[in-house]
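Asks: Have a look at this one before I ask anything.
Here, each number is a calculation from the coordinates, and none is a lab measurement. The structure displayed is predicted, hence computed values, not measured ones. Heads up, the Cβs are rebuilt from the backbone with ideal geometry, glycines too, and the neighbour counts pull from every protein chain shown.
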Amino acid sequence: MVNRKFEEPPLPPLDPNPWWGPGEPKEDKVDVTEFKINVPEKDLKDLKDRLALPLRLTPALEGTNFTYGFNSETLSKIVSYWTKKYDWRKREAQLNKYPQYKTQIEGLTIHYLRASAGEDTSGGGDTKKRGVKIVPLLLVHGWPGSVVEFYKILPLLTTTPREGSSSGVVFEVICPSIPGYGFSQASSKPGLGSLQTAQIFLKLMKRLGFDQFYAQGGDWGALIVTDMATLFPHNVLGVHINMAAGNTPAGNLKMVLGSVLPSGLLVAETDQHHLYPLSSFYSRLMLETGYAHIQATKPDTIGAVLDQNPVALATYILEKFSTWTHRDNPHKPDGGLLSETFPFTMDSLLDNICLYWFTGSITTSVRFYAENMNKDFYNRPINNNVCRVPSGLSMFPQDLVVIPESIAKHKFSDMVTYRLHEYGGHFAAMECPEQLAADVHEFVTLVENRH
C-alpha cells in the first residue's frame, strides 16, 4: 500500500481576488503614491511622556542574567538611552533615505521601499556601462523585524560586489512591509497568512512591472517567498532564504531516523551537531518559542498589553534580538545588548521598535502567528509540494534552527547554493549583511548563467 503522506498533493487553491479590507469588496485603487515617514509631533511627545514615567522594575534573581528573561538593570539603562540620547527625527531622516510608496492590493494599503541599482562603490562606475545585468529582487522581512532590517544590506545589493567577485548582477530591490506590519494596512478579516501574503506580493511585483523576479527572505519572509516560489514558479526566477524550516514529511522522517542510524548515513557528520541529540534540539525550540504559542492563540491579548507601554514593547522585542543573535547571550548580565561587540547599534534597535510603536502595529503583526500557526500549520498540504524553482540557502549557526542541506533538499529540489556560515544569528541581513549579500549575488549569478 502506498503511503499517501508522501504523495505530492495538488497546490492549495487560493481565492484570486479576496478582499481583506473593511466592509464589502470594492475596486482597488491601483495607483502608486509616494510616501515619507513623518511622525506627527503629538505622537512623538506622547512617546516621550510615556518614557518619562517612573519604571516599575523587579530586581533580577541573583546570577540569572537573561535566563529568566529581560534583566531589569539592563532595561533601565536602555530606557535611559532612549530618553536622553536617541533622536527620532534624526533617525527618521535616515529611514527616509530610500524612496517609499504605497498602493492598494486586495483591499489593503501596502507599503514598500524601493532601492534602485546604483553606482558601483568599488569605483568601477555605472553598472550598466560595465555590462552588469540589473534584476528585480523582492526582499521580505519577518517578526519582530521590519524593513528596518535591510538598511545595511541594501547598498550591497544595489551595487556590484568588490573586485574579485564573479557576480554579474546587481539588484533593483522591492522591500514590502507584511500586511499588519509597520505602514502596511492590517487585514480586517481572519485568514490572511503566508499563502495569501505571497499572492499579494506577487500582485505588487506585477504592478511595478516585474512579471518575473527573484525573491529573498528570512523568518516569516522565508516562508512567504518559499510559498510564492512553490505556488507561482513561472514568476519566481529563483528563491533565496535564510532560516529554512525544512518541514516536509520526508525531511522530518529523515531527521528522526538520523538520530538512531549510524552517523553520516542520512545526515552528514558535519551537520550532526545542529540536530542531535534531538532532545537538545527540541528543548531549545521549547525554551525559545513560548512567545509563538501566545501569539498563535491569543494575539490580541499580548498585543493590547504591548501597545499600552513603549517600555513593555521594547522589552518584548529586544529580548528576541538578544537571544536569537547568539545562544550564549542569555548567560550574560546584559544579554549582550550593551556590549561593544553586539552587532546592532542601540539606535538601529530602537528604530525598529519605534516603527512598531508609531504605527500601532504590534497587535496586527502578532496576529500573523494566529493565521499561520493554527492546527493545520504543521500539516499544511503545501509542505508536500516541492519547490522546483532554483533555490539558495544561507544558514547561520546561531539561528533558532539550522537545517542540513540533505533535509532541505526534500523541499527545494533544485538547490543551487547552500552555505553554512561560521557565525551569525537570526537577523542575518542586519548582523551579517556582507555575507548574506555575497550569497545572494552568487546564487543569482549562477542561475542567470544557466540562461
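Asks: Modelling each spin label as a point 7 Å along the Cα-to-Cβ direction, I'd like the residue 341/residue 269 distance in nm, to one decimal.
Replies: 3.0 nm
Asks: I need to check one value: relative contact order of the range 327-451, counting alpha carbon pairs closer than 8 Å and at least 6 residues apart, in percent.
Replies: Here the relative contact order equals 22 percent.
Asks: Only Lys, Arg, Asp and Glu count, each charged at its Cβ (+1, +1, -1, -1), so figure out the dipole size of the chain about its Cα centre, rounded to 20 debye.
Replies: Details: 43 positive and 48 negative charges, 93 e Å.
Charge dipole of the chain: 440 debye, to the nearest 20.
Asks: In what sequence, highest mean first, do 407-418, 14-25, 147-158 appear when ranked by Cβ atoms within 10 angstrom?
Replies: Top of the packing list down: 147-158, 407-418, 14-25.
Asks: From Cα pairs below 8 angstrom and at least 6 apart in sequence, can you work out the relative contact order of the chain, rounded to a whole percent?
Replies: In percent, rounded to a whole number, it is 21.
Asks: Work out the charge dipole of the range 25-450 with +1 on the Cβ of Lys and Arg and -1 on the Cβ of Asp and Glu about the Cα centre, then indicate which of 201, 136, 289 is farthest towards its positive end.
Replies: 201
Asks: Using the basic label-point model (7 angstrom from Cα toward the beta carbon), what is the residue 301 to residue 331 distance in nanometres?
Replies: Taking the simple label geometry, residue 301 and residue 331 are separated by 3.4 nm.
Asks: Turning to a different aspect of this structure: Fewest Cβ neighbours within 10 Å first, please rank 281, 70, 321 accordingly.
Replies: 281, 70, 321
Asks: If the cut-off is 16 Å between C-alpha atoms, which aspartates and glutamates fall inside it for residue 206, apart from same-chain ones fewer than 8 positions away?
Replies: Output for residue 206: 28, 31, 106, 172.
Asks: In addition: Using a Förster radius of 45 Å, what is the FRET efficiency between residue 207 and residue 52 based on their Cβ-Cβ separation? Nearest 0.05, please.
Replies: Here the calculated transfer efficiency is 0.55.
Asks: Sorted from fewest to most neighbouring beta carbons within 10 Å, what does the list 173, 444 look like? Could you put the intermediate results ahead of the total?
Replies: Details: 173 24, 444 28.
Listing 173, 444 from fewest to most nearby Cβ atoms yields 173, 444.
Asks: Still on this structure: Put +1 on the Cβ of every Lys and Arg and -1 on every Asp and Glu Cβ in the chain; which of 117, 440, 96 then has its Cα farthest towards the positive end of the dipole?
Replies: Looking along the dipole axis, the top candidate is 96.
Asks: Order 429-441, 286-298 from most to least packed using the mean count of other Cβ atoms within 10 Å.
Replies: Averaged packing, sorted descending, gives the order 429-441, 286-298.
Asks: Sort the range 349-447 into rounded, prolate or oblate with this rule: let a ≥ b ≥ c be the square roots of the eigenvalues of the Cα gyration tensor; rounded if a/c is under 1.5, and if a/c is not under 1.5, prolate when a/b is larger than b/c, oblate otherwise.
Replies: It comes out oblate by the Cα gyration axes.
Asks: Provide 448, 422, 106, 73 in ascending order of the number of other Cβ atoms located within 10 Å of each residue's Cβ, fewest first.
Replies: 422, 73, 448, 106
Asks: What length, rounded to one decimal in nm, is gained on full extension from residue 413 through to residue 15, with 0.36 nm per residue of separation minus their alpha-carbon distance?
Replies: Full extension of this stretch gives 140.6 nm more.
Asks: Turning to a different aspect of this structure: I'd like the antiparallel share, as a percent to the nearest 5, of DSSP beta bridges with both residues in the chain.
Replies: 35 percent
Asks: Given the -39500 (n - 2.57) contribution per DSSP H run of 4+ residues, what per-residue ellipticity at 222 nm results for the chain, rounded to the nearest 500 deg cm²/dmol?
Replies: Taken over the chain, the calculation gives -11000 deg cm²/dmol.
Asks: While we're looking at this one, here's another question. Listed highest first by mean packing, meaning other Cβ atoms within 10 Å per residue, what order do 196-202, 209-215 come in?
Replies: Result, highest mean Cβ count within 10 Å first: 196-202, 209-215.
Asks: How about residue 411: which aspartates and glutamates have a C-alpha closer than 16 Å to its C-alpha, ignoring those fewer than 8 places off in the same chain?
Replies: 7, 8, 227
Asks: Compare the Cα positions of 69, 420, 38 along the charge dipole of the chain (+1 at Cβ of Lys, Arg; -1 at Cβ of Asp, Glu; about the Cα centre) and return the one farthest towards the positive end.
Replies: Toward the positive end, the furthest listed residue is 38.
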